[in-house]
Each structure stands twice: as structure tokens, then as C-alpha cells.
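Worksheet: the structure to be examined is printed underneath.
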Amino acid sequence: MDRNRIDGTAHQVKGAAKETLGKVTGNHKTEVEGAAEKAAGKAQDAAGRAADAVRDAAKKAADKANDAIKR
């Protein structure tokens, strides 16, 4: 699993908590900061998922090439 997925999820959780805190306390700045951090976390998680997909595809291609060479 790509580190960006882990970090992105952590940012999403932190951002959601901060956003909720801002809503509860009526602090618009904290609410907006939380929403922004949550969005950044989603983007980071998506980048990690893309990296995982590329890595998996490369591994499958390498495995197929090795199988072809062994024949």
C-alpha cells in the first residue's frame, strides 16, 4: 500500500474532525480549514491509489514476461 493512501486517509479524518469542530463552535475559519484538509487528503489518497495501480500493473507485466521467458 502506498504511503500516500495512509497519509491521505489521516488527513481526511483530521480535516473532518476540524470541520465538525468549526461547525459546532461556529468558527467559520476552522470549518473551512477542515474542509480544505479533508479535500487535500482525498486527493492524496487518490494519488496513492493510482500509484498502487501502476505498481500492480507493472508487477503483472513483469510476471507475464518472466513466465514467457521460462517457456
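We did not get these values from a lab; they are worked out from the coordinates using the rules stated. Here the structure is a predicted model, which is why all the values come from computation and not from measurement. Virtual Cβ from ideal backbone geometry, glycine too; neighbours counted across all protein chains shown.
In table form, for the structure just shown:
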{"read-out": "Hits in the stretch 16-71 - residues which are over 19 Å from the mean Cα position of the chain (by Cα), under 18 Å from Asn4 (Cβ atoms) and surrounded by 15 or more Cβ atoms within 10 Å (Cβ to Cβ)", "value": "none"}
{"read-out": "Any hit, the stretch 6-17, residues being without any contact (Cβ under 8 Å) to a residue 24 or more places away in the chain and not charged (D, E, K, R)", "value": "yes"}
